[in-house]
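S.K.: Before anything else, here's the structure in question.
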Amino acid sequence: MPGNVSPAAYTMRPHEHVLPAGTELWRVHSVKRPAERFNPVTVDAHFGGNRFDGTSLDPYSYLYVAADPATALAETLLRSLDFDTGTGLRLVPYAAVRGRALTRLRTRVDLRLISLITEEDLAAVCQDSWLLEAEGDRYAKTRRWASEMRAQEPGAMGLVWQSRRLRPRLASVLFEDRCGAEALNAADDGGCTDLGSPAGVAEVNRLLAPLRAVVVPPWPE
């Protein structure tokens, strides 16, 4: 873990992970936002936000994706969600899926990411699994680490790591200022699911069943 030492004190030697043009990725997003659009909302350097968001000190737009639909759902819906003692399931409130969509995307260009997949990858940026396990108010430090990785590797278009909610599958964050606003295309062949619809809830429950998670819909089953 980083302790009290600034990441700028280290010389990093990041390992590269390339997503070739045409790679299929999945994203959960608001139905009001096109799936391929990056999130332009920067967060406070110290409070709120997510693990690798752009901040007021390094204001990049960002986009979180996963290598498969189940991982995209798990990364979004299963954060800090305990198992219910009565059912033995993780009960996802319907509000968590209402107004959201799951969309398949494809990369239009090769994306050169910093790999944080293995312990060797993490050591290359002078870190360990803490960087991917820290939660809550510790996100201030994980965001600072991301900013320093960007500074020391100016060609990096994003980061990739093992999803902590569906290991060993992969999740990524992309940086718009490095890969461009048109780095991704949304599928035009039905690869988008309205998660708040009955069909969408059924699909979420199918994909998350192996993780013992289920959306509780507001309608009778």
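Only the coordinates and a few stated rules stand behind these numbers; no lab work does. Here the structure is a predicted model, which is why all the values come from computation and not from measurement. Here Cβ is always computed from backbone atoms with ideal geometry, including for glycine, and neighbour counts include all displayed protein chains.
S.K.: If you count, for each residue, the other Cβ atoms within 10 Å and average over each peptide, how do 205-211, 82-88 line up from highest to lowest?
M.R.: Result, highest mean first: 205-211, 82-88.
S.K.: State whether region 20-142 is rounded, prolate or oblate according to the following rule on the C-alpha gyration tensor (a ≥ b ≥ c being the square roots of its eigenvalues): a/c under 1.5 gives rounded; otherwise a/b larger than b/c gives prolate, and the remaining case gives oblate.
M.R.: Values: a/c = 1.37, a/b = 1.12, b/c = 1.22.
Taking the square roots of the gyration eigenvalues as a ≥ b ≥ c, region 20-142 is rounded.
S.K.: Evaluate E = 1/(1 + (r/R0)^6) for Thr87 and Arg37, where r is the Cβ-Cβ distance and R0 equals 41 Å; express this FRET efficiency to the nearest 0.05. Please report the intermediate quantities before stating the final value.
M.R.: Numbers: r = 37 Å, r/R0 = 0.90.
About 0.65, to the nearest 0.05.
S.K.: Quick check for me: using +1 on Lys/Arg Cβ and -1 on Asp/Glu Cβ, what's the dipole size of the chain about its Cα centre, in debye to the nearest 20?
M.R.: On the way: 26 positive and 28 negative charges, 61 e Å.
Around 300 debye, computed over the chain.
S.K.: Next question, about the same structure. Counting only other residues whose beta carbon sits under 10 Å from that of Asn39, what net charge do I get with K and R as +1, D and E as -1? Walk me through the numbers before you get to the answer.
M.R.: Working: positive: Arg33, Arg37; negative: Asp53, Glu176.
It works out to a net charge of 0.
S.K.: Around Leu195, with a cut-off of 9 angstrom between Cβ atoms, what is the net charge of the other residues, counting Lys and Arg +1 and Asp and Glu -1? Let's see the in-between values first.
M.R.: Values: positive: Arg98, Arg100; negative: Asp194, Glu203.
Summing Lys/Arg as +1 and Asp/Glu as -1 gives 0.
S.K.: State the Cα centre-to-centre distance between region 96-165 and region 4-48 in whole Å.
M.R.: 6 Å
S.K.: Here's a follow-up. Nearest 20 debye, what's the magnitude of the dipole of region 59-109 about its Cα centre given +1 on Lys and Arg Cβ and -1 on Asp and Glu Cβ?
M.R.: About 340 debye.
S.K.: To continue, here is another question. For the chain, give the share of DSSP beta bridges that are antiparallel, in percent and rounded to the nearest 5; count only bridges with both residues there. Could the numbers behind the result be given before it?
M.R.: Details: 29 of 37 bridges.
That works out to approximately 80 percent antiparallel.
S.K.: Given the options Pro217, Ala202, Val31, identify the residue whose Cα lies farthest towards the positive end of the charge dipole of the chain (+1 on Cβ of Lys, Arg; -1 on Cβ of Asp, Glu).
M.R.: Pro217
S.K.: Now for a different question. With a sphere of radius 11 Å drawn around the Cβ of Arg165, what net charge do the other residues whose Cβ falls strictly inside it have (Lys, Arg +1; Asp, Glu -1)?
M.R.: Around Arg165, the surrounding residues sum to +4.
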